[in-house]
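Novice: Sending over a structure as structure tokens; questions will come in a sec.
The values are calculated or read from the model by the stated rules, or taken from the named source; none is laboratory data. The structure presented is a predicted model; accordingly, all values stated were derived computationally and were not measured. So basically every Cβ, Gly included, is an ideal-geometry build from the backbone, and we count neighbours across all protein chains shown. Accessible surface is based on the protein model in full, side chains and every heavy atom, while ligands, DNA and RNA are left aside. Shrake-Rupley method; radii C 1.70, N 1.55, O 1.52, S 1.80 Å.
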Amino acid sequence: DVKVTQSSRYLVKRTGEKVFLECVQDMDHENMFWYRQDPGLGLRLIYFSYDVKMKEKGDIPEGYSVSREKKERFSLILESASTNQTSMYLCASRVRNTIYFGEGSWLTVV
Amino acid sequence: AQSVTQLGSHVSVSEGALVLLRCNYSSSVPPYLFWYVQYPNQGLQLLLKYTSAATLVKGINGFEAEFKKSETSFHLTKPSAHMSDAAEYFCAVSDGAQAGTALIFGKGTTLSVSS
């Protein structure tokens, strides 16, 4: 079974803090993604990576950055967290034509 | 640009009734289409996918979907709803499996099942 692991399920951070959301996949997938999920808006793509050190902006990259130093790990970084970044963050990785998701990270910024 | 429209943000059915969740897409190339289900406080689980083979696709938990190119639709159905089907369902489209191709999601449909 494909396994995508998001290390933090629930986080509470203060405005202005730097936040790291970590994601690891165990199937040597080249493609990894970060989505944000908000009620009524579905899933929106923040960033994706198709290889180590390669990244592409998605639909809503503002306020976020990413890091992919190793194939199995894709990190989402909030340089200075703001309250409008309170959301559910979903990491995913792709093999051929199927994308597999992690359990999600609930981030609250206060 | 690709897009997905899910008609109806909330669908309610009785247990044993037909489930129909609607999805229309737009894509400039032959699409790959997906349905995912999300239970409370969990990630997304793949229900089924269409990748240009048979137009009627069978998935897990008794769900199926039919790709209709002329209608640009990929509606999800289940003949008889069960209480455990209550969840949020997302339709998604991709324009292929090439490197760097992401899924574009609809806004989701919440399915409620009453006894």
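Novice: Any chance region A:34-47 includes a residue that's over 23 Å from B:Lys107 (Cα atoms) and not in a loop (DSSP other than H, G, I, E, B)? Talk me through it step by step, then tell me what you get.
Specialist: Of all residues in region A:34-47, those over 23 Å from B:Lys107 (Cα atoms) come to none.
Taking every residue of region A:34-47 in turn, none turns out to be over 23 Å from B:Lys107 (Cα atoms) and not in a loop (DSSP other than H, G, I, E, B).
Novice: Residue by residue through region A:33-62, note down the ones that are open to solvent by 60 Å² or more (accessible area, probe 1.4 Å), farther than 17 Å from A:Met88 by Cβ and either more than 7 Å from every other protein chain (Cβ to nearest Cβ) or of a type in the set (Phe, Trp, Tyr) (or both). Show your work before the answer.
Specialist: Filtering region A:33-62 for residues open to solvent by 60 Å² or more (accessible area, probe 1.4 Å) gives A:39, A:41, A:44, A:50-51, A:53-57, A:59, A:62.
Those left that are additionally farther than 17 Å from A:Met88 by Cβ: A:50-51, A:53-57, A:62.
Matches in region A:33-62: A:Tyr50, A:Asp51, A:Lys53, A:Met54, A:Lys55, A:Lys57, A:Glu62.
Novice: Still on this structure, please answer the following. With respect to A:Tyr89, determine if the residue is surrounded by 15 or more Cβ atoms within 10 Å (Cβ to Cβ), closer than 21 Å to A:Thr5 by Cβ and within 8 Å of chain B (Cβ to nearest Cβ).
Specialist: On the way: surrounded by 15 or more Cβ atoms within 10 Å (Cβ to Cβ): yes; closer than 21 Å to A:Thr5 by Cβ: yes; within 8 Å of chain B (Cβ to nearest Cβ): no.
In short, no.
Novice: Could I ask something else about it? Say whether the condition of being touching a strand residue (DSSP E or B) at 6+ places or on another chain (Cβ under 6 Å) and facing chain B (nearest Cβ under 8 Å) is met by at least one residue in region A:11-32.
Specialist: Yes, some residue in region A:11-32 is touching a strand residue (DSSP E or B) at 6+ places or on another chain (Cβ under 6 Å) and facing chain B (nearest Cβ under 8 Å).
Novice: When region B:23-38 is examined, which residues are found to be among the hydroxyl-bearing types (Ser, Thr, Tyr) and either open to solvent by less than 40 Å² (accessible area, probe 1.4 Å) or not in a strand (DSSP E or B) (or both)? Don't jump to the end; show me each part of the working.
Specialist: The first filter runs over region B:23-38 and keeps only residues among the hydroxyl-bearing types (Ser, Thr, Tyr), leaving B:25-28, B:32, B:36.
Matches in region B:23-38: B:Tyr25, B:Ser27, B:Ser28, B:Tyr36.
Novice: Looking at region B:73-114 only, could you name the residues that are surrounded by 19 or more Cβ atoms within 10 Å (Cβ to Cβ) and basic (Lys, Arg)?
Specialist: Across region B:73-114, the qualifying residue is only B:Lys78.
Novice: Still on this structure: What are the residues in region A:16-32 that are part of a strand (DSSP E or B) and open to solvent by 40 Å² or more (accessible area, probe 1.4 Å), if any? Spell out how you get there, then give the answer.
Specialist: Our first condition is that a residue be part of a strand (DSSP E or B); within region A:16-32, this holds for A:19-21, A:23-25, A:31-32.
Correct list: A:Phe20, A:Val24.
Novice: Can I ask one more? What are the residues in region A:53-71 that are in contact with an Asp or Glu (Cβ under 9 Å, 6 or more places away or on another chain) and modelled with pLDDT of 95 or more, if any?
Specialist: The answer is A:Gly63, A:Tyr64, A:Ser65, A:Arg68.
Novice: Quick check: is even one residue across region A:27-42 without any contact (Cβ under 8 Å) to a residue 24 or more places away in the chain, hydrophobic (A, V, I, L, M, F, W, C) and within 21 Å of B:Tyr39 (Cβ to Cβ)? Working first, answer last.
Specialist: Of all residues in region A:27-42, those without any contact (Cβ under 8 Å) to a residue 24 or more places away in the chain come to A:39-42.
Right, trim to hydrophobic (A, V, I, L, M, F, W, C) and you get A:41.
Then keep just the ones that are within 21 Å of B:Tyr39 (Cβ to Cβ); that gives A:41.
Yes, some residue in region A:27-42 is without any contact (Cβ under 8 Å) to a residue 24 or more places away in the chain, hydrophobic (A, V, I, L, M, F, W, C) and within 21 Å of B:Tyr39 (Cβ to Cβ).
Novice: Now, a different point. Looking only at residues that are more than 14 Å from every other protein chain (Cβ to nearest Cβ), at pLDDT below 95 and in a loop (DSSP other than H, G, I, E, B) in region B:51-72, which one is surrounded by the most Cβ atoms within 10 Å (Cβ to Cβ)?
Specialist: B:Thr72
Novice: Restrict the check to region A:79-87 and report whether at least one residue is charged (D, E, K, R) and in a strand (DSSP E or B). I'd like the intermediate steps shown before the answer.
Specialist: The initial filter retains those residues of region A:79-87 that are charged (D, E, K, R), namely A:79.
In the following step, the residues that additionally are in a strand (DSSP E or B) were identified as none.
No, region A:79-87 contains no residue that is charged (D, E, K, R) and in a strand (DSSP E or B).
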